[in-house]
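To start, the structure itself, in structure tokens.
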Amino acid sequence: MESSGIGTFDVSWPSRAEEPEGRTSPEELIAAAHSSCFSMALSAGLGKAGTPPEALETSAAVTFQPGEGITGIHIIVRGTVPGISDEAFVEAAEGAKANCPVSKALTGTTITLDAALA
């Protein structure tokens, strides 16, 4: 699949390591891709398990260290999922974290997760 229609984004070094200046950074784009991919995987997994979510709110923060690169990603998800226990939700979230295509592409980067029902 080839990406198309996503637009263009101004990026700059200050956006990456200093002041955002109204621009984005490659790390912010990775965070956006990771959080959306994770949400899709979690939603699909919950649906297949018979507990489709009413809502998922997901964010991802990428840690960038000049000279080292990306050193970690932290995903936060809050879900409204009728009929599921906290433990089952966290288990489903861990599965999505391990198996979404963006997580797989970022193998070697520490990915942490904070998952809870809303």
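General remarks:
- Considering every alpha-carbon pair of the range 31-117, the percent of pairs per 10 Å bin, from zero through the bin containing the longest distance, is 18, 52, 23, 6, 1.
- When Lys97, Lys48 are sorted by how many other C-beta atoms sit within 10 angstrom of their C-beta, beginning with the fewest, the order is Lys48, Lys97.
- Modelled FRET efficiency - R0 41 Å, Arg23 with Lys48, Cβ distances, 0.05 increments: 0.55
- DSSP bridge orientation in the range 31-117 - percent antiparallel, rounded to nearest 5: 60
- Listed from fewest to most Cβ neighbours within 10 Å, the set Thr110, Thr24 follows the order Thr110, Thr24.
- Estimated vicinal HN-Hα couplings, Hz - the range 64-69 in sequence order (Karplus 6.51, -1.76, 1.60; Gly, Pro = x): 10, 10, x, x, 10, x
- The order of Ser43, Ser35, going from fewest to most other C-beta atoms within 10 Å of their C-beta, is Ser43, Ser35.
- Cβ charges +1 (Lys, Arg) and -1 (Asp, Glu), total dipole of the range 31-117, debye: 260
- Distance (nanometres) between label positions extended 7 Å along Cα→Cβ at Arg78 and Thr63: 2.3
Quick note: the coordinates plus some simple rules give every number you see, no bench work behind them. Quantities reported herein were computed from a predicted structural model and do not represent experimental measurements. Backbone-built Cβ (ideal geometry, glycine too); neighbour counts: all protein chains shown.
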